[in-house]
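S.K.: Got a structure here, written out as C-alpha cells. Questions coming.
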Amino acid sequence: MEPYFLKLAADYLAEPLSILFNLSIKTKEIPSVWKSAFVLPLLKGGDPSVLTNYRPISNLCVLSKIMESLVCDQLKEFLYSNDIVSKFQSGFRKKHSTNTATMKVINDIIMALDKKLYCASLFIDLSKAFDTVDHAVLKNRLLSLGLSEHAIAWFSNYLNNRTQCIKLEGLCSKFVAVHKGVPQGSVLGPLLFLLYINDLGQNVSDTNLHFYADDTVIYCYGSSLTQAIETLQKAFVAFQHSLIQLKLVLNADKTKLMLFSKSKKVPEPIPVVSTLEGNVIEIVHEYKYLGVWIDDSFTFKPHIERLVKKLRLKLCFFFRNKQCFSFAVKKRLVTATFLSVLDYGDILYMNASSSCLLMLDTMYHASLRFITNCRYLTHHCDLYLRVNWPSLAIRRQGHWYTFIYKAILGLLPPYICTLVTRTNSGSYSLRSNDQLLLSVPLVRTELGKKAFVHSAPFSWNLLQKDWKLTELLSLNVFKTKLKGLQTASIMCNCFV
C-alpha cells in the first residue's frame, strides 16, 4: 500500500493499526509479510553487465516502517537518557551530521600540528558492514544494554526469518532467506547497527577515533612521525581484534593511511602500518572522508577541483536543454540539483585559497546565466539582482555563521559545542562586556588559524561588531536576521 493512501485514511486506520501494533508487541511476533523485502538493483554507473556497479535498494512494507518508527523512538529515548551510545559516534544521531564529524577530525589534527606534533590518520573501510551483522552477537549486545527479556524476544523475532527477492522490470525472483545483517531500508536497521559497533573503540587506547556509522577514522599524535605511526599501529591491531569479535571484515585495499606533518617533506624511512594478515596499508595524500576530499595540507584543492568537474557536467546538461524550461523551473532545477551539491560541506573549506574559491564562483555564475539567459559578459552583480540570490561567498558565510550559532545554542554535538566558549565579562564595566563575544584561543601558525576552535570565535566576534547582540535569539530569528543581511548584500556596490 502506498503511503499516500495511508495518509488519506489516517483517521480511519489509526485505531485498528494501534491494535495491530500493540498485539505485535504483546505476542512478540511480527507478521511474516512485513519481513519480506523487494530489492531493486539501481545502476550506479559503468558497465551494466558488472554486478558490483549496482546499488541494491530494499523496499519494505509501509506498515512495518510505521511500527518500527514507534519502537525506534522508544529505544532512542532509553539509549540517550542513559547515555549509552558512544560519544564518538556521529551517524544517525540528532544534532550530529557529516559536517560535525569532519569538522571534529580536522580541528583535532590542525591543533596537533599547531603544537608542533605529527599526526598519523587511518581511514578504515569495512566490507559490507551493515550486511554482515551477526544476529546472535547483536542479541547479546541488546541484552547487555539492559533491555527486558520481552523486548529482546521481540527484536529476535524482528531479525529472524527475514526474506528478500530481486524485482526488476516487473519480474520477481524467488524469495531467499536472509541470515545476516540489519534489514536494509528499515527504520530500526541503522540504530541497531550503531548498537552493534557501540563498543568497537573500547580496546583502542592512546589514540583518537571517530565513527560515522561504519566510516571510521583513527588518528594519533607524536613528537615524531615514527612515534605517531607506531602508536597508530598498536591501536589498529586492537581495533582489528574488536572487528574479529564482531565478525566484521576489514577491507584492507580501501583502508588508507594519511600522514600530517609541519614540514612538507616526510622523513624516510618510516614504519609501515599493516593488518593482522600482513597487508601493508597504502599511504595517500588525499582521501574522501564523508563526501569531502581531505588533503594532507588542508588546502581542499583536490576537493574543489573534483567538485568543479561534477558541477560542470550538470551545467552542460542545463545549457543543452535550456530552451525546455521556464525561469521558475530553471531556478528550482538549479536549487535542487546544483546548489545542493555546491553547499555540501562548504563550511569545511571556508579558508581555502581565493584561487580555489574563484573556481566555484565561476560555476555559480554560470548557473545564474542559465537561469536568466544572460550572456557571458553580464556582470555577476546583475545576475544576483535578477535571480535575487546573494554571492556564493555570502551564501557560504551564512552557513558558517549558522553552524557557529548552533554550537553556541548547544544544538550541535558536545565535541563541537565545547570548542566555543563565552568570554568572561571581568570586573570592568565596558559596553562590549554586554555583547555575546567568544574567547579566541591563541595559535602559533597560519594553519592553526584555520582550526574551528580559533576561526569560529574569531568570525563570530567580527559579526558582533555589526550586530552587537546582547542576548541569545532563537535559531529561527537568527536565520531571519541573517537572511536580511544576505538580501541587503545583493545590491551592487562594485563601482561605488
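The values are calculated or read from the model by the stated rules, or taken from the named source; none is laboratory data. The shown structure was predicted, so the numbers you read here are calculated from the model rather than taken from an experiment. Quick reminder, even Gly has a Cβ in these numbers, built from the backbone with ideal geometry, and neighbours come from all protein chains shown.
S.K.: Look through 291, 278 and report the one residue that is under 30 Å from residue 227 (Cα atoms), surrounded by fewer than 16 Cβ atoms within 10 Å (Cβ to Cβ) and under 20 Å from the mean Cα position of the chain (by Cα).
M.R.: 291
S.K.: Which condition from (1) closer than 30 Å to residue 13 by Cβ; (2) of a type outside the set (Lys, Arg); (3) in a helix (DSSP H, G or I) is the one that residue 105 breaks?
M.R.: Of (1) closer than 30 Å to residue 13 by Cβ; (2) of a type outside the set (Lys, Arg); (3) in a helix (DSSP H, G or I), only one is false for residue 105: (1).
To keep it simple, each residue is scored yes or no on (1) without any contact (Cβ under 8 Å) to a residue 24 or more places away in the chain; (2) surrounded by 14 or more Cβ atoms within 10 Å (Cβ to Cβ).
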site	(1), (2)
136	yes, no
139	yes, yes
142	no, yes
150	no, no
154	no, yes
157	no, yes
168	no, no
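S.K.: Now a separate question. Please work out which one of (1) more than 22 Å from residue 303 (Cβ to Cβ); (2) in contact with an Asp or Glu (Cβ under 6 Å, 6 or more places away or on another chain); (3) of a type in the set (D, E, K, R) is the condition residue 396 fails and give its number.
M.R.: (1)
S.K.: Hey, does the range 162-182 have a residue that's touching a Pro at 6+ places or on another chain (Cβ under 8 Å) and among the basic types (Lys, Arg)?
M.R.: yes
S.K.: Let me ask something additional. Take the residues of the range 214-237 that are of a type in the set (D, E, K, R) and without any contact (Cβ under 8 Å) to a residue 60 or more places away in the chain: which is surrounded by the fewest Cβ atoms within 10 Å (Cβ to Cβ)?
M.R.: 234
S.K.: Still on this structure: Can you tell me how many residues within the range 60-71 are surrounded by fewer than 19 Cβ atoms within 10 Å (Cβ to Cβ) and out of contact with any strand residue (DSSP E or B) (no Cβ under 8 Å at 6 or more places or on another chain)?
M.R.: 6
S.K.: Which residues, taken from the range 59-95, are touching a Pro at 6+ places or on another chain (Cβ under 6 Å) and within 30 Å of residue 164 (Cβ to Cβ)? Before you say what the answer is, go through the steps one by one.
M.R.: Step one: list which residues in the range 59-95 are touching a Pro at 6+ places or on another chain (Cβ under 6 Å), which gives 62, 92, 95.
Those that are touching a Pro at 6+ places or on another chain (Cβ under 6 Å) and within 30 Å of residue 164 (Cβ to Cβ): 62, 92.
S.K.: Within the range 164-181, track down each residue that is under 11 Å from residue 40 (Cβ atoms) and aliphatic (A, V, I, L, M).
M.R.: 166, 168
Each row is one residue, and each column tells you yes or no for (1) in contact (Cβ under 8 Å) with a residue 12 or more places away in the chain; (2) out of contact with any helix residue (DSSP H, G or I) (no Cβ under 6 Å at 6 or more places or on another chain); (3) farther than 24 Å from residue 260 by Cα; (4) surrounded by 15 or more Cβ atoms within 10 Å (Cβ to Cβ).
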position	(1), (2), (3), (4)
96	yes, yes, yes, yes
108	yes, yes, no, yes
118	yes, no, no, yes
125	yes, yes, no, yes
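S.K.: Name the one entry in 300, 338 that is at positive phi and either modelled with pLDDT under 95 or in contact with a Phe, Trp or Tyr (Cβ under 9 Å, 6 or more places away or on another chain) (or both).
M.R.: 300
S.K.: Taking the range 334-360, which residues are assigned to a loop (DSSP other than H, G, I, E, B) and closer than 16 Å to residue 390 by Cβ?
M.R.: Of everything in the range 334-360, just one residue is assigned to a loop (DSSP other than H, G, I, E, B) and closer than 16 Å to residue 390 by Cβ, namely 350.
S.K.: Which ones in the range 223-262 are closer than 25 Å to residue 106 by Cβ, β-branched (Val, Ile, Thr) and assigned to a helix (DSSP H, G or I)?
M.R.: Scanning the range 223-262 gives 226, 229, 231.
S.K.: Next up: Among the residues of the range 325-362, how many are under 13 Å from residue 300 (Cα atoms), of a type in the set (A, V, I, L, M, F, W, C) and within 19 Å of the chain's Cα centre (by Cα)?
M.R.: Selection size over the range 325-362: 3.
S.K.: For the range 277-291, check the following and say yes or no: at least one residue is hydrophobic (A, V, I, L, M, F, W, C), modelled with pLDDT of 95 or more and in a helix (DSSP H, G or I).
M.R.: The answer is no; no qualifying residue exists.
S.K.: Taking residue 391 as the residue in question, decide whether it is loosely packed, with under 15 Cβ neighbours inside 10 Å, touching a residue at least 12 places away in the same chain (Cβ under 8 Å) and within 28 Å of the chain's Cα centre (by Cα).
M.R.: no
S.K.: Which condition number does residue 361 fail, the rest of (1) more than 23 Å from residue 304 (Cα to Cα); (2) touching a helix residue (DSSP H, G or I) at 6+ places or on another chain (Cβ under 7 Å); (3) in contact (Cβ under 8 Å) with a residue 24 or more places away in the chain being met?
M.R.: Only one criterion in (1) more than 23 Å from residue 304 (Cα to Cα); (2) touching a helix residue (DSSP H, G or I) at 6+ places or on another chain (Cβ under 7 Å); (3) in contact (Cβ under 8 Å) with a residue 24 or more places away in the chain is unmet by residue 361, namely (1).
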